[in-house]
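Engineer: My questions all concern the structure below.
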Amino acid sequence: MNTEQTKSLIDAISMEEYVQKGKLSQCLPAAAQITLEQAKAQADEVWIVEKEKLEVVSFDYDGYTVNLTFQTDGSYLFDSMDVWTEVGNSVGLAIEMDLESEPDSGSGTSKLAALETVERIQRFAANVGMELEWFEMGDERVCLLPSAVTLHYLKQQNRWKLVKIAGAHRSVEEVRSSLSSIADAMN
């Protein structure tokens, strides 16, 4: 795979497939893989966390940013997504959006449409026979999927909106335990 394909390969991944499989790397075509060098060649941003020996490579897309985290030796660790939306003439987190104007039809045109509200992820999960676990953490609701992916929602006005997707990095049991501990400490 050449470096020009990296960003378009990631963009072609269905969000529904991603949350079910748990990692972007598991959604790529069979022969494809993304190396640190390939990712850095097309990245919109790269930063190094020297203390942990990590490199984070970010790709900006319409409405979200994909972050791939590698060890500095090039080993792929995990991925996540920050979800954004247009707010007037500026870009901001999805929680700043006027949610009253968005119909909850479940048939939005956004790549993230099936996940962007609590109601939509619940419908999606019901349609595919997936059980969801929910954790209340103050002003945040976190949804744990069987793949160990977590969906993070913040409430704005009368609707919970998706602001982050964290791909699988640990087992679902470890994530559940961690989320339970955090939720218990906050509530």
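Engineer: Within segment 142-181, count every residue that is under 17 Å from M81 (Cβ atoms) and of a type in the set (K, R).
Structural biologist: Residues that pass the stated criteria total 2.
Engineer: Looking only at segment 5-22, how many residues end up being in a helix (DSSP H, G or I) and exposed (fewer than 14 other Cβ atoms within 10 Å of the Cβ)?
Structural biologist: So the answer is 3.
Engineer: I've got another one for you. Restricting to segment 133-151, name every residue that is open to solvent by 20 Å² or more (accessible area, probe 1.4 Å) and within 17 Å of L24 (Cβ to Cβ).
Structural biologist: Across segment 133-151, the qualifying residue is only S147.
Engineer: Still on this model: Restricting to segment 1-45, name every residue that is free of Cβ contacts under 8 Å to residues at least 40 places away in the same chain and of a type in the set (K, R).
Structural biologist: Once the filter is applied, which keeps residues that are free of Cβ contacts under 8 Å to residues at least 40 places away in the same chain and of a type in the set (K, R), segment 1-45 yields only K40.
Engineer: Also: Of all residues in segment 1-51, which are among the β-branched types (V, I, T) and out of contact with any Ser or Thr (no Cβ under 8 Å at 6 or more places or on another chain)? Explain how you work it out, then say what you get.
Structural biologist: Let us first name the residues in segment 1-51 that are among the β-branched types (V, I, T), namely 3, 6, 10, 13, 19, 34-35, 46, 48-49.
Once the filter is applied, which keeps residues that are among the β-branched types (V, I, T) and out of contact with any Ser or Thr (no Cβ under 8 Å at 6 or more places or on another chain), segment 1-51 yields T3, T6, I10, I13, T35, V49.
Engineer: Which numbered condition in (1) open to solvent by 60 Å² or more (accessible area, probe 1.4 Å); (2) under 23 Å from A168 (Cβ atoms); (3) of a type outside the set (A, V, I, L, M); (4) modelled with pLDDT under 95 is the only one that E86 fails?
Structural biologist: (2)
Engineer: Are any residues in segment 166-187 buried (at least 18 other Cβ atoms within 10 Å of the Cβ) and part of a helix (DSSP H, G or I), and if so, which ones?
Structural biologist: V175, L179
Engineer: Answer yes or no as to whether V163 is open to solvent by 10 Å² or more (accessible area, probe 1.4 Å), within 11 Å of G22 (Cβ to Cβ) and in contact (Cβ under 8 Å) with a residue 12 or more places away in the chain.
Structural biologist: no
Engineer: Looking at segment 23-50, which of the residues that are under 20 Å from the mean Cα position of the chain (by Cα) and among the small types (G, A, S) is most open to solvent (accessible area, probe 1.4 Å)?
Structural biologist: Among those residues, the one meeting the criterion is S25.
Engineer: Still on this model: State all residues of segment 51-64 that are in contact (Cβ under 8 Å) with a residue 40 or more places away in the chain, of a type outside the set (G, A, S) and either within 14 Å of S80 (Cβ to Cβ) or open to solvent by less than 60 Å² (accessible area, probe 1.4 Å) (or both); if no residue qualifies, say none.
Structural biologist: The initial filter retains those residues of segment 51-64 that are in contact (Cβ under 8 Å) with a residue 40 or more places away in the chain, namely 59, 61-64.
Next, only the ones that are of a type outside the set (G, A, S) stay: 59, 61-62, 64.
F59, Y61, Y64 - these are the residues of segment 51-64 that are in contact (Cβ under 8 Å) with a residue 40 or more places away in the chain, of a type outside the set (G, A, S) and either within 14 Å of S80 (Cβ to Cβ) or open to solvent by less than 60 Å² (accessible area, probe 1.4 Å) (or both).
The values are calculated or read from the model by the stated rules, or taken from the named source; none is laboratory data. Remember, predicted model here, so these are calculated numbers, not experimental data. FYI the Cβ positions are ideal-geometry reconstructions off the backbone, even for glycines, and counts take in every protein chain you see. Just the protein is used for accessible areas: all its heavy atoms, side chains included, with ligands, DNA and RNA removed. Shrake-Rupley method; radii C 1.70, N 1.55, O 1.52, S 1.80 Å.
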